[in-house]
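A quick write-up on the structure given underneath.
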Amino acid sequence: MTLIPALCIPARLTAPAPGWVISADVIVVGSGIAGLTAALRLRQRVDRVLLVTKTVLSEGSTMWAQGGIAAALDPADSAQEHLVDTLVAGAGVCDEEAVRVLVSEGPARVRDLATLGAQFDRGSDGTLSLTREGGHGRDRIAHAGGDATGKEISRALIASLATALVAVKDDPGIEVIEHALVVDLLQDNDSRVCGVTLHVIGEGQMDGVGAARARAVVLATGGIGQVYSATTNPSVATGDGVAAALRAGAVIADLEFVQFHPTVLWLGEGSSGQQPLLSEAMRGEGAVLVDRDGVRFMTGIHDLADLAPRDIVAKAIVDRMAQTDADHVYLDARHLGRDFLEKRFPSILARCRELGFDPVTELLPVAPAQHYASGGVRTDVMGRSSLAGLYACGEVSCTGVHGANRLASNSLLEGLVFACRIADDITSRLAGGDLISAEPVVREGDMTLVAARERTAIQRAMTLGAGAVRCAGSLAQAAKDLQSIADASPWLTADPDSWETSNLLHVGQLLTAVAALREETRGGHVRSDFTQRDDAHWLGNTHAVREADGSISTTFHPIAHGHLT
Ligand SMILES: Cc1cc2nc3c(=O)[nH]c(=O)nc-3n(C[C@H](O)[C@H](O)[C@H](O)COP(=O)(O)OP(=O)(O)OC[C@H]3O[C@@H](n4cnc5c(N)ncnc54)[C@H](O)[C@@H]3O)c2cc1C
């Protein structure tokens, strides 16, 4: 065990005492593919489900997913081939059991989605149209509306939830609260999670900070993208679930593995917040990367050229930008032609044109930006975290399926498959009396808050110090900058902005610390001072835990035999 020097994470965020209390059997936090799937399946099986979400039901990364959802649906494909591609992308540190669950249960779960009403694109014979993305050896990506897969999945799930809500209108069986931001987890004397504190922008009794109590809590709060200045993630992706679980003492795994998407539309120096993504599926259909002299540069770097795994493409772009003294490269899709581009990528084309770029006639400027967190709240294959009563699924979790680098289109699938498993596990454990209702206690330790105005400084520190390429010096500088924000006099005005900013700080501090420990380059963790993968020392996973005194301890969990490399 290694203690991270000088890092201290508080027990909870400053917030008013709860002014109201509600209860349910299970609370689901978040309404992306993971949260909606868990809530819908639980609703069929347990009496009272509470779904809370920070803004509106449709907000989250799920809505923005373009490329599609991966599953071995083609008769010529197999779960075994999908497993191999996933393990290879994960650079040796996937949890093979979790990947096996993902690829073997995935096809049935995607068919369930279609049965639920999600309209996937189909060929003239009615079979699903499947395409290929980076790192996949087969065409296995189901998509919808061309490049609007997430939107369609989200629509179908929300429609289904609406039907369920109507069906149970006079029944307190399922309750949905929008504009409800979960601040922290409630725990009993033995650290069992038994609810959440949340802030609701509501009416009447349920307004302001309250407490929701339950026998199980499912975190499905999505990603951490807003920790960085530029990301593909929407504004709700502030790492709230990871930060709350960290403060509560859950194991957080592999946070150093952050995927930077290689082809994010470059909108000029200083652009920040959510940036437009140019899906990998464009390269899957034949678009290629070129530098500012029009030279293709991926062909000599990897057998799969422009379709190499994302970490390899992102690093190649960063290197090419340095060699050519440029802050972006280009994606060339012109040869695909107007008709094809407009039919296959309608949303991307519309967005590019809105911003003044025409993919039919012009090269598109692109640069890597934060896209996906492979690490998160560590769970087993049933979605159970290290804390009794707490589950996690979707991007907030670390089931181990992504290892050091997520294979394209495996994340929607992960949210879907593991949310179903969680619903099944909770159902049987509730029936077996294994999930008990517990009495929350006030957690020992400091409360804290940082001012919302620190958000830009946190994002800047993380982008410069812990971005697509890091080194000991840059990480130490980021840690120092973040610590000085943490050390400033505590902010006293508790509101959603300052809770989110505090969460960004805690996620950033932990990410920086574990990235400094891992002295090698692997997957989404690219170090300029340790440029090679070092299996002799680093073939395994890092786990971090907040101890009772606020210090952070880390342990390294070696993998006996590296997976296919
Ligand atoms: C632009 C883009 C394109 C992508 N394309 C693909 C793709 O083609 N295929 C693929 O597989 N993956 C893709 N991904 C990744 C994928 O979309 C996400 O990993 C996945 O949708 C995450 O689902 P989720 O349910 O875990 O989280 P989300 O969909 O992000 O939902 C999280 C939910 O939690 C809520 N929430 C957050 N914090 C709180 C809080 N404190 N209290 C209450 N609620 C909270 C949010 O409001 C939201 O409802 C893409 C991501 C982006 C951003």
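The values are calculated or read from the model by the stated rules, or taken from the named source; none is laboratory data. Just so we're clear, the structure is a prediction, and the values are computed from it rather than from any experiment. A quick note on method: Cβ atoms are made from the backbone with ideal geometry, for glycine too, and the neighbour counts reach across all protein chains shown. Surface accessibility is based on the protein's heavy atoms, side chains included, excluding ligands, DNA and RNA. Shrake-Rupley method; radii C 1.70, N 1.55, O 1.52, S 1.80 Å.
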Which of the residues spanning region 229-259 are modelled with pLDDT under 95 and of a type outside the set (S, T, N, Q)? 230
Just to verify a result, which residue in region 73-106, among those that are of a type in the set (D, E, K, R) and open to solvent by 20 Å² or more (accessible area, probe 1.4 Å), is farthest from residue 399 (Cα to Cα)? 74
Subset of region 302-350 that is among the basic types (Lys, Arg) and closer than 17 Å to residue 283 by Cβ - its residue that is most open to solvent (accessible area, probe 1.4 Å): 334
Suppose we filter region 188-207 for residues that are more than 13 Å from the ligand (Cβ to nearest atom) and either closer than 19 Å to residue 36 by Cβ or open to solvent by 20 Å² or more (accessible area, probe 1.4 Å) (or both); how many remain? 11
Counting just the residues of region 388-435 that are in a helix (DSSP H, G or I), under 20 Å from residue 221 (Cα atoms) and among the polar types (S, T, N, Q), which one comes out most open to solvent (accessible area, probe 1.4 Å)? 411
Contacts under 8 angstrom Cβ, first residue in region 226-240 being open to solvent by 10 Å² or more (accessible area, probe 1.4 Å), partner among the hydrophobic types (A, V, I, L, M, F, W, C) and near the ligand (Cβ under 7 Å from one of its atoms), 6 or more apart: 226/237; 232/64; 232/277; 240/181; 240/182
Unique residue being within 13 Å of the ligand (Cβ to nearest atom), in contact (Cβ under 8 Å) with a residue 24 or more places away in the chain and closer than 20 Å to residue 249 by Cβ when the list is 417, 396: 396
Looking at region 530-561, which of its residues are touching an Asp or Glu at 6+ places or on another chain (Cβ under 8 Å) and open to solvent by 10 Å² or more (accessible area, probe 1.4 Å)? 530, 532, 533, 534, 537, 538, 541, 548
Residue among 531, 555, 512 that alone is in contact with a strand residue (DSSP E or B) (Cβ under 7 Å, 6 or more places away or on another chain) and more than 20 Å from residue 184 (Cβ to Cβ): 555
All but one of (1) under 22 Å from residue 396 (Cβ atoms); (2) within 13 Å of the ligand (Cβ to nearest atom); (3) in contact (Cβ under 8 Å) with a residue 60 or more places away in the chain hold for residue 273; which doesn't? (3)
Which of the residues that make up region 5-30 are assigned to a strand (DSSP E or B) and open to solvent by less than 20 Å² (accessible area, probe 1.4 Å)? 7, 13, 26, 27, 28, 29
Residue list for region 31-89, restricted to those being polar (S, T, N, Q), in a loop (DSSP other than H, G, I, E, B) and within 6 Å of the ligand (Cβ to nearest atom): 31, 53, 55, 66
Determine whether residue 507 is within 16 Å of the ligand (Cβ to nearest atom), in contact (Cβ under 8 Å) with a residue 12 or more places away in the chain and within 24 Å of residue 262 (Cα to Cα). yes
For region 123-140, state whether one or more residues are out of contact with any Lys or Arg (no Cβ under 7 Å at 6 or more places or on another chain), of a type in the set (A, V, I, L, M, F, W, C) and under 29 Å from residue 312 (Cβ atoms). no
Single unsatisfied condition, residue 150 versus (1) in contact with a Ser or Thr (Cβ under 6 Å, 6 or more places away or on another chain); (2) closer than 30 Å to residue 501 by Cα; (3) more than 13 Å from the ligand (Cβ to nearest atom): (3)
Any residue at all in region 58-67 that is at positive phi, in contact (Cβ under 8 Å) with a residue 40 or more places away in the chain and surrounded by 23 or more Cβ atoms within 10 Å (Cβ to Cβ)? yes
For region 357-369, indicate whether the set of residues that are small (Gly, Ala, Ser), open to solvent by less than 50 Å² (accessible area, probe 1.4 Å) and touching a Ser or Thr at 6+ places or on another chain (Cβ under 8 Å) is non-empty. yes
